[in-house]
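The values are calculated or read from the model by the stated rules, or taken from the named source; none is laboratory data. Just so it is clear, the structure is predicted and the values come from calculations on it, not from any experiment. Backbone-built Cβ (ideal geometry, glycine too); neighbour counts: all protein chains shown.
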Amino acid sequence: MKSGTALLLDIGGQGCRALAIDNEGAIRFEASRRVDTRENGSLVEQDAQALANAVDAVANEGLKAMDDQSLPVAQAALAVQRGSIVCWDRMDGRPLSPVISWRDRRGLPGIESKSEQAGEIRKRCGLRFSPYGGASKIGWCLQELKEVQQAREQSRLVCGPLGSFLLARLLAERPARTDDTLAQRTLLWSRETCDWDDWLLEQFGVTVSVLPEVVPSRSTHGHLRRARQVPLELLMGDQNCVPFLNGRPDQDTLYINLGTGAFLLRPLIEPVDDERFQLTLLDRDHECRWALEGSVHGAASAVAWLERTQDCSIRHERMEGLRDRIDQPPLFINSIDGLGSPWWCSGPEPAFVEEHDEGDVDARLLAVLESIAFLIATSVEAMNDSVTPPRRIVLSGGLSRSATLCGLIADILEIPVTRLESAEATALGLWCRLHDRALPGEHFQTVTGQHEKALMARYDRWRSHIEAATKAS
């Protein structure tokens, strides 16, 4: 383990953060920059140059703060949203496309003809065939963006995960490389070879010449341009960081990260083939570490949807005490950004069902929070068909600050639940992976659950509604 402070960069859907964490796991500095996300129907994107500038700014703030505090900087690490992609010029790092978000579905028309190959695609890369994967987004850029086409003709083009683009911008060596956890999310990566798959490339019309090199997450990827002695030694998908809060992912634990979406990761002893879930590569070191992954697309994004439709602002404080104030909330069909596991379909339009006062925002807010817990419970029940039920659950992410939501999850699942007290799950997971150390127990808080018959009855009614809605759609 290197002695010194680590600079950890966490790139999320709304912007980026830089944290300096010392050898004891204490956060010594943090800075953030917001980068707006543009949403228009199926299009969800960010300005790539603005994001690169923001990442550079917070990284420099972190380095300056550590210098001011006389903290030696040992290494840096970077985590990004996994399915987001960018195209850029390999010679100067200039972006040739926006950051196309993992949530973006613009490539859907171009992949419908590949549906017959869905089983083979999943067999090869481990992930379900869907527009959320990077392949359809890369294909769209190759077909629709003139600058991308010109750069390809001049052998200057790189298309790849967001993390690859940021390495090219942050590091003195300007590498064109990515790690396995991000490469897998493109749907172009082979779980057999841990490299680009020729058959998958052919299916999506992508040539290997425009893709970055694939390397393990834990590698010396290069050195920071603004601090050339500081190596960047870890690149990972953001959700993959969470199971490393335990030092090594624990096969008896279900990790649920509650962010824009909610991601459920159950580490595995051996790979499991269940078409209702993703087979996610957590990391590749001496061997591959796998997890069964479920997804709830509408978590914090569902709360944001409620803010837009009700024309109000909802802070975390408003979520607390809802269960004491509201006896009979409506039920919410939470199909924000489509339905994730175990259905994987667009689903019906989001809607509240059962009679209620449409002007009662708090009742609707509780219904949204219950729907997130209901979606999680449905995935856990289906996941238990393939693996033994977990012995404990670890909650993390920005939405885990809601005691109401955490309590709902504990009540429905009736499994011991702990919550990471810090909202910085990704950065702390990066730190744990860098140091091969578990986060001390005092960073976690026990969530007390209780069996509530009325809640379970609403869950049963909600299941009936959503099963009918998915069949109809």
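Assorted remarks:
- Being over 22 Å from Ala77 (Cβ atoms), without any contact (Cβ under 8 Å) to a residue 40 or more places away in the chain, out of contact with any helix residue (DSSP H, G or I) (no Cβ under 6 Å at 6 or more places or on another chain) and part of a loop (DSSP other than H, G, I, E, B) is a condition met by at least one residue of region 416-427.
- Comparison of Asp311, Asp327, Asp360 shows that the only residue that is in the same structural domain as Ser464 (by TED's automatic domain parsing), on the phi > 0 side of the Ramachandran plot and surrounded by fewer than 22 Cβ atoms within 10 Å (Cβ to Cβ) is Asp311.
- Which numbered condition Leu366 misses (of (1) more than 18 Å from Leu264 (Cβ to Cβ); (2) assigned to a loop (DSSP other than H, G, I, E, B); (3) of a type in the set (A, V, I, L, M, F, W, C)): (2)
- Residue selected from region 24-48 under the condition touching a residue at least 24 places away in the same chain (Cβ under 8 Å) and in a loop (DSSP other than H, G, I, E, B), by the criterion surrounded by the fewest Cβ atoms within 10 Å (Cβ to Cβ): Ser42
- Condition check for Ser155: touching a residue at least 24 places away in the same chain (Cβ under 8 Å) and surrounded by fewer than 16 Cβ atoms within 10 Å (Cβ to Cβ): yes
- Residue within region 293-314 that is assigned to a strand (DSSP E or B), modelled with pLDDT of 90 or more and more than 21 Å from Ala367 (Cα to Cα) present: yes
- Filtered residues of region 50-60 (kept if over 14 Å from Arg34 (Cβ atoms) and not small (Gly, Ala, Ser)): Asp56, Asn60
- The residues of region 322-363 that are part of a loop (DSSP other than H, G, I, E, B) and closer than 14 Å to Arg458 by Cβ, listed by number, are Ile326, Asp327, Gln328, Pro329, Pro330, Asn334, Glu354, Glu355, His356.
- The residue of region 271-302 that is surrounded by the fewest Cβ atoms within 10 Å (Cβ to Cβ), among those that are hydrophobic (A, V, I, L, M, F, W, C) and out of contact with any Ser or Thr (no Cβ under 9 Å at 6 or more places or on another chain), is Cys288.
- Given (1) of a type in the set (Gly, Ala, Ser); (2) under 24 Å from Ser84 (Cβ atoms); (3) modelled with pLDDT under 95, index of the condition Gly247 fails: (2)
- Selection over region 169-216 of residues that are part of a strand (DSSP E or B), within 18 Å of Ala118 (Cβ to Cβ) and under 20 Å from the mean Cα position of the chain (by Cα) gives a count of 1.
- Condition check for Leu162: surrounded by fewer than 20 Cβ atoms within 10 Å (Cβ to Cβ), of a type in the set (A, V, I, L, M, F, W, C) and within 29 Å of Val272 (Cβ to Cβ): no
- Residue within region 210-217 that is in the same structural domain as Gly126 (by TED's automatic domain parsing), crowded, with 18+ Cβ neighbours inside 10 Å, of a type in the set (Ser, Thr, Tyr) and farther than 25 Å from Leu254 by Cβ present: no
- The residues in region 54-73 that are touching a helix residue (DSSP H, G or I) at 6+ places or on another chain (Cβ under 9 Å) and either surrounded by fewer than 22 Cβ atoms within 10 Å (Cβ to Cβ) or not aliphatic (A, V, I, L, M) (or both) can be counted, and the count is 4.
- Test: residue in region 403-421 that is aliphatic (A, V, I, L, M) and farther than 26 Å from Leu339 by Cα: yes
- Any hit, region 242-252, residues being within 29 Å of Pro350 (Cα to Cα) and of a type in the set (Gly, Ala, Ser): no
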